[in-house]
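The values are calculated or read from the model by the stated rules, or taken from the named source; none is laboratory data. These figures come from a predicted structure and were not determined experimentally. Cβ sites come from the backbone with ideal geometry, for glycine too, and all protein chains shown count toward neighbours.
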Amino acid sequence: MMRKYFAIDMPAVRFTWNTLVFSVLSLIPAVMIYVAMTPGFGGMLIGGGLPLSRFSRQVVTNGLPVVFVVNYVSFFLFASVVAKPSQTYGIRLVLLVDLPVRIVGFIALHAVIYVLSADLFGSFGGSRATALRVVAPTLVRSVFFENISGAYLYATLASALPLYVMAIETSRTLGGLAHRLPGRAGPVLFAVVLFGFSVLALTAFAALLIWWQTS
């Protein structure tokens, strides 16, 4: 399926559009879960006005660009790999390419957007230094959906699930274990485990940044 929508030889506009659609479809349920898990927040948004305007701006100017850019880079690398006849998208590429791209890209893009928000919208008191200092603590809390970045985090990592399923299916070791379960249940289950590992890896990296900032 992924080869159909993300191929190195397809027009750039189509590749970009597919990435955008994929990103939006990943982001919408994650944002809805965040709103549902935040007491009173949904009712406040239904009331419209300034809260809805600010929240929508935050999602569009922060969340969507982060998810889109990370997905674009990841899908482009995937398309480049599978375009080679002798190359398959396996677990090694997931661990050495996709996972680092998503973790580092997610954190770096948050830092860039936070700085831009400080400059353009006066967020973080208009201070770039403050904007950078809050990136790591924000991302550590995001794993528990304590802030809207949690929605962006899970949308970004959930976008990789189809790639992980494909990688597991082509793996000799994990693929053999996964196919012991009926249908595609095995590859999907192992992909969810990789998803969980990705969440832990990003959280650990963000926690390491906090330690570095405070040491």
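Scan segment 107-120 and tell me whether some residue there is over 19 Å from THR61 (Cα atoms) and assigned to a helix (DSSP H, G or I).
From segment 107-120, those over 19 Å from THR61 (Cα atoms) are none; that's our starting set.
No, that holds for no residue.
Taking into account only those residues within segment 38-61 that are assigned to a helix (DSSP H, G or I) and of a type in the set (Val, Ile, Thr), which is farthest from the chain's Cα centre (by Cα)? Checking each candidate, the answer is ILE46. Scoring TYR34 on the criteria (1) under 25 Å from SER117 (Cβ atoms); (2) over 22 Å from the mean Cα position of the chain (by Cα); (3) surrounded by 11 or more Cβ atoms within 10 Å (Cβ to Cβ) leaves a single failure, condition (2).
Looking only at residues that are polar (S, T, N, Q) and either modelled with pLDDT of 90 or more or in contact with a strand residue (DSSP E or B) (Cβ under 8 Å, 6 or more places away or on another chain) (or both) in segment 54-73, which one is surrounded by the fewest Cβ atoms within 10 Å (Cβ to Cβ)?
Our first condition is that a residue be polar (S, T, N, Q); within segment 54-73, this holds for 56, 58, 61-62, 71.
Checking the rest, the ones that are also either modelled with pLDDT of 90 or more or in contact with a strand residue (DSSP E or B) (Cβ under 8 Å, 6 or more places away or on another chain) (or both) come to 56, 71.
On the way: SER56: 11, ASN71: 24.
This residue is SER56.
When we screen VAL81, VAL35, VAL66 for residues that are of a type outside the set (Phe, Trp, Tyr), touching a Phe, Trp or Tyr at 6+ places or on another chain (Cβ under 6 Å), touching a residue at least 40 places away in the same chain (Cβ under 8 Å) and part of a helix (DSSP H, G or I), the only hit is VAL66. Taking every residue in segment 85-106 that is modelled with pLDDT under 85 and pairing it with any residue that is acidic (Asp, Glu) and surrounded by 14 or more Cβ atoms within 10 Å (Cβ to Cβ), at least 6 positions away or on another chain, the pairs with Cβ-Cβ distances below 9 Å are TYR89/ASP98.
Check whether at least one residue in segment 130-148 is at pLDDT below 85 and part of a helix (DSSP H, G or I), and report yes or no. No, the conditions are met nowhere in segment 130-148. So is THR173 part of a helix (DSSP H, G or I) and modelled with pLDDT under 80 or not? Spelling it out, THR173 is indeed part of a helix (DSSP H, G or I) and modelled with pLDDT under 80.
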